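Written out below as structure tokens is the structure these notes cover.
Any read-out appearing in this document is the output of simple, stated calculations on the displayed coordinates, not a laboratory observation. Keep in mind that this is a model prediction, so the values were computed, not measured. Methodologically, a virtual Cβ is constructed for each residue, glycine included, from the backbone with ideal geometry; neighbour enumeration extends over all protein chains shown.
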Amino acid sequence: MEGHIHSTESFGTVDGPGIRFVIFFQGCPMRCQYCHNPDTWTIDNSNTENLRSVESLLKEYDGIKEFLHDGGITATGGEPLVQMEFLTELFETAKKKGIHTCLDTSGILFRQERREEFDRLMAVTDLVMLDIKHIDPEKHRILTGHFNSLFHCVFGNGQLPHPLLDSQSQRSAKISRTAEICQAHILSQFTGKR
């Protein structure tokens, strides 16, 4: 299987624990105003130059693994979940080789009807960095072009990278609200109550 890969980075230090091999996936449905990778938004199916196999990516990883202290592989983008089948195959193969896997995602593509596919991916994902763009649905839509409706799902072991784009007082309120929603949602996963 092949996936559309924008690029790779051999010495990622902010994309999960340790030093990491970072894979930038092509394709993203959001249009974040502050995106630092807008060239990853679209997938040009006529461009075969950016097609990579799982084997070629892991071969590249193998060539630098001595330098990846306490690290592993991070899938980012774009939005890696645009190519979930390829991502899952990549992570399944990486886990068989004992490689730590990290998914950097906005979660925007989670759908309950695809729960089985997500569960298969989460079974081979060591860490999810769930990138919440804004907790307020309308502000999220203004920033990204999409409403934020991802709190009906929790991805296993996660961290919450959270852009701080507002004034200090707005920032504090936004972080508090994010924490409240996350806490309530996580508790509901264990108690069944919201």
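A few points about this structure:
- Within-14-Å neighbourhood charge of E55 [Cβ basis; K, R +1; D, E -1]: -1
- Projected label points at M1 and T93, each 7 Å from Cα along the beta carbon direction, are separated by 1.0 nanometres.
- Note that region 36-49 has calculated 3J(HN,Hα) couplings of 9, 10, x, 6, 9, 5, 9, 10, 9, 5, 7, 8, 8, 5 Hz, one per residue in order, obtained from phi through the Karplus relation 6.51 cos²θ - 1.76 cosθ + 1.60 (θ = phi - 60°); glycine and proline are x.
- Annotation: peptides 6-15, 44-53, ranked by per-residue average of other Cβ atoms within 10 Å with the highest first, follow the order 6-15, 44-53.
- Where a label projected 7 Å from the Cα of F11 along Cα→Cβ would reach, residues of region 46-68 with amide N under 15 Å: 64-68
- Förster-model FRET efficiency, 22 Å R0, E113 and D136, C-beta, rounded to 0.05: 0.25
- From phi via Karplus (6.51, -1.76, 1.60), per-residue ³J(HN,Hα) for region 96-109 in Hz, x at Gly/Pro: 4, 8, x, 8, 5, 10, 9, 10, 9, 9, 7, x, 4, 9
- Taking N as its residue count, the alpha carbon Rg of region 1-87 over 2.2 N^0.38 Å: 1.08
- With the simple model of a label 7 Å out from the Cα in the direction of the Cβ, M84 to T48 spans 2.9 nm.
- Residue-count net charge about V124 - beta-carbon cut-off 15 Å; Lys, Arg +1, Asp, Glu -1: -3
- Basic side chains Lys and Arg get +1 at the Cβ, acidic Asp and Glu get -1 at the Cβ, and with that the dipole of region 1-137 about its Cα centre reaches some 160 debye.
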